[in-house]
Amino acid sequence: MKKTQADKVRVGRSSAGLGLYASQEFKKGDLIIEYTGETISTAEADRRGGKYLFELNDKKTIDGKGRDNIARYINHSCRPNCYPELNASETRVFIYAKRKITVGEELTYDYGKDYFEIMLKPMGCRCQKCTAK
Ligand SMILES: C[S@@+](CC[C@H](N)C(=O)[O-])C[C@H]1O[C@@H](n2cnc3c(N)ncnc32)[C@H](O)[C@@H]1O
Ligand SMILES: [Zn+2]
């Protein structure tokens, strides 16, 4: 039987608000989920602002605030277990497993320098690496 998104991941509480968790095991390189939303100009994204913007390139950005974009719950980590990759035409974003991921692990990727410096650093990063004592 074909797996649905709900079989693969679930939303839950994390150290950084809500987060996305693995409901199944993933192998390194497995496609986990697509980051979806409205594609807008980066100028429009600058006007809108918000925490769910994913910049595709210097011209286009995906505004992932829509409720059906479950990938919007994936938090940033400085030691992530996932990574985002664009398709060749830089119109879509897919999130892959960076290593083996076990059931119950929180899914994270590196948001990149710009997002980190502007949105996360001022409040302090709450990823596992940065909060470990
Ligand atoms: C794409 S959303 C991720 C889902 C978010 N936690 C939520 O509850 O909707 C990005 C926002 O989550 C929070 N966030 C994600 N990763 C974080 C981190 N490592 N440390 C602190 N806040 C983080 C920040 O507020 C950031 O702007
Ligand atoms: Zn961190």
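The values are calculated or read from the model by the stated rules, or taken from the named source; none is laboratory data. Just so we're clear, the structure is a prediction, and the values are computed from it rather than from any experiment. Ideal geometry is used to build each Cβ from the backbone, glycine not excepted, and the neighbour counts take in all protein chains shown.
Kindly indicate which of THR102, THR108, THR91 is out of contact with any Gly (no Cβ under 7 Å at 6 or more places or on another chain), farther than 23 Å from THR39 by Cβ, modelled with pLDDT of 95 or more and more than 16 Å from ligand 2 (Cβ to nearest atom).
Testing whether each residue is out of contact with any Gly (no Cβ under 7 Å at 6 or more places or on another chain), farther than 23 Å from THR39 by Cβ, modelled with pLDDT of 95 or more and more than 16 Å from ligand 2 (Cβ to nearest atom) leaves just THR102.
Taking interchain pairs and intrachain pairs at least six residues apart, which have beta carbon atoms under 9 angstrom, with the first residue in the stretch 119-132 and more than 15 Å from ASN81 (Cβ to Cβ) and touching a residue at least 12 places away in the same chain (Cβ under 8 Å) and the second more than 6 Å from ligand 2 (Cβ to nearest atom) and assigned to a helix (DSSP H, G or I)?
These pairs meet every condition: CYS125/PHE116; CYS125/THR131; ARG126/LEU120.
So, in the stretch 100-115, exactly how many residues are within 16 Å of ligand 1 (Cβ to nearest atom) and either more than 19 Å from GLY19 (Cβ to Cβ) or in a loop (DSSP other than H, G, I, E, B) (or both)?
The qualifying residues number 6.
Quick check on ILE62: is it in a strand (DSSP E or B), within 12 Å of ligand 1 (Cβ to nearest atom) and either in contact with a Cys (Cβ under 7 Å, 6 or more places away or on another chain) or polar (S, T, N, Q) (or both)?
No, not satisfied.
Inspect all residues belonging to the stretch 32-55 and state whether any of them is away from ligand 2 (no atom under 16 Å from the Cβ), touching a strand residue (DSSP E or B) at 6+ places or on another chain (Cβ under 7 Å), charged (D, E, K, R) and part of a loop (DSSP other than H, G, I, E, B).
No, that holds for no residue.
Between a first residue in the stretch 1-20 that is at pLDDT below 95 and a second residue that is among the acidic types (Asp, Glu), which pairs have beta carbons less than 9 Å apart while being 6 or more apart in sequence or on different chains?
Hits for this filter: SER15/GLU106.
Looking at the stretch 58-87, which of its residues are of a type in the set (Asp, Glu) and in contact with a Leu (Cβ under 8 Å, 6 or more places away or on another chain)?
Once the filter is applied, which keeps residues that are of a type in the set (Asp, Glu) and in contact with a Leu (Cβ under 8 Å, 6 or more places away or on another chain), the stretch 58-87 yields only ASP63.
Here's the yes/no breakdown for (1) surrounded by 15 or more Cβ atoms within 10 Å (Cβ to Cβ); (2) within 10 Å of ligand 1 (Cβ to nearest atom):
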{"site": "GLY66", "(1), (2)": "no, no"}
{"site": "ILE70", "(1), (2)": "yes, no"}
{"site": "HIS76", "(1), (2)": "yes, yes"}
{"site": "ASN81", "(1), (2)": "yes, no"}
{"site": "GLU90", "(1), (2)": "no, no"}
{"site": "LYS98", "(1), (2)": "yes, no"}
{"site": "GLU117", "(1), (2)": "no, no"}
